[in-house]
1. Within the stretch 249-271, take every residue that is within 17 Å of ALA202 (Cβ to Cβ) and of a type outside the set (D, E, K, R) and give me the one that is surrounded by the most Cβ atoms within 10 Å (Cβ to Cβ).
2. Are any residues in the stretch 13-34 in contact with a helix residue (DSSP H, G or I) (Cβ under 9 Å, 6 or more places away or on another chain), more than 27 Å from ILE253 (Cα to Cα) and either assigned by TED's automatic domain parsing to the domain that holds VAL188 or not hydroxyl-bearing (Ser, Thr, Tyr) (or both), and if so, which ones?
3. Across the stretch 60-98, what is the number of residues that are part of a helix (DSSP H, G or I) and within 19 Å of the chain's Cα centre (by Cα)?
4. Of all residues in the stretch 124-136, how many are free of Cβ contacts under 8 Å to residues at least 60 places away in the same chain and in contact with a helix residue (DSSP H, G or I) (Cβ under 8 Å, 6 or more places away or on another chain)?
5. With ASP129, ASP118 as the choices, which residue is outside any helix (DSSP H, G or I) and not hydroxyl-bearing (Ser, Thr, Tyr)?
6. Can you confirm whether THR51 is within 17 Å of the chain's Cα centre (by Cα), under 27 Å from VAL188 (Cβ atoms) and assigned to a helix (DSSP H, G or I)?
7. Of (1) touching a residue at least 40 places away in the same chain (Cβ under 8 Å); (2) closer than 24 Å to PRO156 by Cα; (3) outside any helix (DSSP H, G or I); (4) not polar (S, T, N, Q), ILE196 satisfies all except one. Which?
8. Within the stretch 182-195, is there a residue that is of a type outside the set (A, V, I, L, M) and on the phi > 0 side of the Ramachandran plot?
Amino acid sequence: MSSAREIDIGRYRIEQEPFYAEVRGETTLFTIAALNKMAVMLKGPTGCGKTRFVQHMAYKLGRPLITVACHEDLTASDLVGRYLLQGQETVWMDGPLTIGVKHGAIVYLDEVVEARKDTTVIIHPLSDDRRVLPIEKRGQVIEAADEFMLVISYNPGYQSALKDLKQSTKQRFMAIEFDYPPPEIETVVVEREAGIERELAARLVKLGGKVRNLKHHGLEEGVSTRLLIYAGLLMKQGVPMEVACDAAIARPITDDPDMQRSILELAKAIV
């Protein structure tokens, strides 16, 4: 039975600085948390910049970033590691969480509430002052490297009583609240990321604001900054405005034909 193979942690490093426009002092909060070995919870709607923010901060702090997209079939072994057969021998393979703990990476569990309850329990001893990861299958307890940082995210607007973080989990984290940026900042983001003129970006952002106002009138979720960027990218490539807004905004956020038509009427009036 062989031990874990060496990991090239360099492949988790971000080489170029990801663009991120700060909204309300979140970079300072995150930096202080990192220096004080605090776990961080990011709360906010889909597509508002949580993942880009973590990428930006990993670059700024010079730490590797390991991202795990959580889902309902995610097991503790998927995070910690497992024994695998290779040829005639059994080899232990570290999971992403174990790699991050050993090598001082930022481990980002995206949409953590989608993971099974028994899976999220394993992060508890990492998210308090113990900073250890028990690996029961190997009879080991690994102390986290000094630069290891645990970051989780979730969208409170999507959670039901069956899919929410327990208080015993939440209260181990410092929380940073995210929302869609103010129009002036969101305009800069859409302009830069879509590569379009400022005026067009501003009109798309205005449309986004109007659509978000429909959230309590039939929409489950407002349009994300990401989708506004997609609309801008389509239009930059010559796709007609109405088609771009239909494909990138109306249809992704609702299946209701009446609501789709309402959004397209807004787009015609604004964009």
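The values are calculated or read from the model by the stated rules, or taken from the named source; none is laboratory data. Here the structure is a predicted model, which is why all the values come from computation and not from measurement. When we count neighbours, we look across all protein chains shown, and the Cβ atoms used for this are built from the backbone with ideal geometry, even at glycine.
1. Top of the filtered list is ILE249.
2. Those that are in contact with a helix residue (DSSP H, G or I) (Cβ under 9 Å, 6 or more places away or on another chain), more than 27 Å from ILE253 (Cα to Cα) and either assigned by TED's automatic domain parsing to the domain that holds VAL188 or not hydroxyl-bearing (Ser, Thr, Tyr) (or both): ARG13, ILE14, GLU15, GLN16, GLU17, GLU26, PHE30, ALA34.
3. Residues meeting the conditions: 6.
4. Of the residues in that region, 5 qualify.
5. Residue meeting the stated conditions: ASP129.
6. yes
7. Going through the list (1) touching a residue at least 40 places away in the same chain (Cβ under 8 Å); (2) closer than 24 Å to PRO156 by Cα; (3) outside any helix (DSSP H, G or I); (4) not polar (S, T, N, Q), ILE196 breaks only (2).
8. yes
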